[in-house]
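Student: Take this structure first; my questions come after.
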Amino acid sequence: MGYDTTAWTTAGNTLTIGGTTMYANFFINSAESYGFAAGNHEMLIFEHSNYSQSGNTPHLGTGTDPATSLDTGDFGDRAADDIVPVIWYIPDSIYIDAVYSLEGADANNSGGADTTRMHLMGFDFNSGSTSCLTNGILLAHNSDVTNEGNEQIYLSTWTVDSPSVLSGKVIVATFESDTVNSDYSLNVKVKYHLT
């Protein structure tokens, strides 16, 4: 097998690396049990990370969009081991083709519909620093969802705001709800290819 910067060659067959469609997933099952709070941009778990439901996932502030940095020194009772399961490290530059999400609530809308929103953020990653995530940019977002409760699942096709992500960056997905009328399960699928 040989490698020539654009393709792998084996027995005369060539597989182009760039352009191959791949998928990555962020999720949460029962957000309430992870300490999600109304108004917080709570980080979702990446892929197959094993995150204890007794722990609190990190959040990126309460603004209209998630915060553009995260300092573990200001993180209260959460620590570096809470951040690792929610970040996707990018070893090779990628291009985001599309983002989709599913969300489902566990309660009816007797308390009123929730307005929910999700974001995909890219950050510089600073190894060995309490300022582990800096220079954040919005990669993609969904339109606000008016979630009417536990009798329906909502699919969102996101707007991709900044599709190119350079190697060495990290990506996180966040969820924010304006109330805690319902508990949520969420699944975010990122369609991408290497560049």
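Student: Tell me which of these N147 doesn't satisfy, since it passes every other one: (1) over 14 Å from the mean Cα position of the chain (by Cα); (2) of a type in the set (S, T, N, Q); (3) under 24 Å from L70 (Cα atoms).
Tutor: Going through the list (1) over 14 Å from the mean Cα position of the chain (by Cα); (2) of a type in the set (S, T, N, Q); (3) under 24 Å from L70 (Cα atoms), N147 breaks only (3).
Student: Also, quick follow-up: Quick one: D65 ticks every box in (1) in a loop (DSSP other than H, G, I, E, B); (2) surrounded by 16 or more Cβ atoms within 10 Å (Cβ to Cβ); (3) modelled with pLDDT under 90 except a single one, so which number is it?
Tutor: It fails just one condition, (3).
Student: On to the next question. Return yes when G136 is under 19 Å from P66 (Cα atoms), of a type outside the set (A, V, I, L, M, F, W, C) and touching a Leu at 6+ places or on another chain (Cβ under 7 Å) and no when it is not.
Tutor: Taking the combined requirement at face value, the residue does not satisfy it.
Student: On the basis of being of a type outside the set (A, V, I, L, M), touching a Ser or Thr at 6+ places or on another chain (Cβ under 8 Å) and over 20 Å from I45 (Cβ atoms), does S167 make the cut?
Tutor: The answer is yes for S167.
The values are calculated or read from the model by the stated rules, or taken from the named source; none is laboratory data. Because the structure is a prediction, the values reported are computed rather than measured. No Cβ is skipped: glycine too gets one built from the backbone with ideal geometry, and neighbour counts run over all protein chains shown.
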